[in-house]
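Asks: This is the structure, below, for whatever I ask next.
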Amino acid sequence: MKKLILAIESSCDETAMTIIDTNKKILANKIFSQADFFENYGGVIPELASRMHVDNIFYLFEEVLSIANIEIKDIDYICVTAGPGLIGSLLVGINFANSLAQLYNIPIIPINHMQGHIYAINDLEQMQFPHLSLVVSGGHTDLVYLDKTLNFELLGSTLDDACGESYDKIAKLLDLGYPGGPKIEQLANIGANNIDFPLPLNDQSFNFSFSGLKSACFNYVNQAKMKKKNIKKEDIATSFEASIKNILLNKLKLAIAEKQPKQISIVGGVSNNKNIVKYLQEHVGEILIPNKGLSSDNSLMIALVGIEKIRNNDINYNKYINAIPNITVEYDWGTNAK
Ligand code: KG4
Ligand code: ZN
């Protein structure tokens, strides 16, 4: 019998809620993004983000109930992001979920945000296994392998900055505002790849490094300023993005050779980048990306992990849950927990 789920996401600067049934019929799906507010700050300020979640979460809750035309007592499960993320932001969603769960006696299912990014491709069709996922977001850059559903193996991750974070830092360097990804992508389309930026950690490991590339961009700009030379922002963007594309491609190829996956996906905020996706697809063949609106943080992806857990009976129910800000994609609260 189908059940109704309320999913809540508040791990960074998006407050989001979804009401969906276990057959994946969406009754309501709303996101309030704080990105416009943080545009002039050059990045998210954690304390302000959590305060804004507090301001928005109750209105969002009323709105999704009204769109779905249901009452809270109709909800069978609450799924909420419990980590990784900004602690203050996570706690707003978690505390809200705990209170509803206690008041209305609804089972609560903690969800790993990184698993959510991967299951974002699962909204219309079921993903196939063995599956290889490249998770590229503002906080993470992970290569993840799943031999079967809900069994996550972290092959490698970034040793320093995340891929999206490096976009944001280069955008700040070039005074383009936050988030940097879309702005750099736009400029990269009109510039020339004529600056020789490095490919850090271009080795046989599955790990990534982006800080050397970031430093090379900063040095290039600083030296140009010292020599009073004009810089072409669009050429920096194109050359920077060329290095990013090649780093991602090299690591993806290594993982494909080792794991021979049946299906490959690229997920997380950076998978909004058409240049990167096209480049990777040209070189390794079919790669799935999330449907519109599901690459960046959202609560539908959190619900999709929850549905999979319910279907697989992979849940340990708790009376209440707490935030764990620094977990990897492998961390789980379910019966499969490692
Ligand atoms: O997954 P996400 O929404 O949030 C995190 O969990 O981090 O990812 C946000 C990141 C930001 O760093 C943003 O600059 C990057 O995704 N991003 C992009 C693009 N759109 C968003 N990076 C490159 N190209 C884009 N078009
Ligand atoms: Zn995310």
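Asks: Can you give me the number of residues within segment 296-338 that are in a helix (DSSP H, G or I) and within 26 Å of Thr141 (Cβ to Cβ)?
Replies: Of segment 296-338, the ones in a helix (DSSP H, G or I) are 300-311.
Okay, now just the ones that are also within 26 Å of Thr141 (Cβ to Cβ), so 300-306, 308-309.
So the answer is 9.
Asks: Is there any pair with a first residue in segment 155-180 that is within 19 Å of Asp235 (Cα to Cα) and a second that is open to solvent by 30 Å² or more (accessible area, probe 1.4 Å) and away from ligand 1 (no atom under 13 Å from the Cβ) whose Cβ atoms are under 7 Å apart and which are 6 or more apart or on different chains, and what are they?
Replies: These pairs meet every condition: Leu173/Phe218; Leu174/Lys233; Gly177/Asn40.
Asks: When you scan segment 106-211 for helices (runs of 4 or more DSSP H) that lie fully inside it, which ones turn up with 1 or more residues that are open to solvent by 20 Å² or more (accessible area, probe 1.4 Å), within 24 Å of Leu304 (Cα to Cα) and at pLDDT below 95? Explain how you work it out, then say what you get.
Replies: Working: elements: 113-119, 163-173, 180-188.
Qualifying helices (runs of 4 or more DSSP H): none found.
Asks: Just checking, how many residues over segment 224-283 are open to solvent by 70 Å² or more (accessible area, probe 1.4 Å) and in contact with a Pro (Cβ under 6 Å, 6 or more places away or on another chain)?
Replies: Residues that pass the stated criteria total 1.
Asks: Right, next: Looking only at residues that are under 21 Å from Ser296 (Cβ atoms) and open to solvent by 10 Å² or more (accessible area, probe 1.4 Å) in segment 62-90, which one is farthest from ligand 2 (Cβ to nearest atom)? Step through it out loud before you land on a result.
Replies: The initial filter retains those residues of segment 62-90 that are under 21 Å from Ser296 (Cβ atoms), namely 63-64, 67, 79-90.
Subset that is open to solvent by 10 Å² or more (accessible area, probe 1.4 Å): 63, 67, 85-88.
Numbers: Glu63: 22, Ile67: 24, Gly85: 8, Leu86: 11, Ile87: 15, Gly88: 16 Å.
So the residue we want is Ile67.
Asks: Could you list, in sequence order, all residues of segment 101-115 that are out of contact with any Gly (no Cβ under 9 Å at 6 or more places or on another chain) and within 16 Å of ligand 2 (Cβ to nearest atom)?
Replies: Of all residues in segment 101-115, those out of contact with any Gly (no Cβ under 9 Å at 6 or more places or on another chain) come to 101-108, 115.
Of everything in segment 101-115, just one residue is out of contact with any Gly (no Cβ under 9 Å at 6 or more places or on another chain) and within 16 Å of ligand 2 (Cβ to nearest atom), namely Gln115.
Asks: Kindly list the number of the only condition in (1) within 16 Å of ligand 1 (Cβ to nearest atom); (2) under 17 Å from Phe32 (Cβ atoms) that fails for His117.
Replies: Condition not satisfied by His117: (2).
The values are calculated or read from the model by the stated rules, or taken from the named source; none is laboratory data. Since the model is a prediction, treat every value here as computed from it, not as a measurement. All Cβ positions, even for glycine, are placed from backbone atoms using ideal geometry, and neighbour counts span all protein chains on display. Remember, those area values only see protein heavy atoms, side chains included, never the ligands or the DNA or RNA. Shrake-Rupley method; radii C 1.70, N 1.55, O 1.52, S 1.80 Å.
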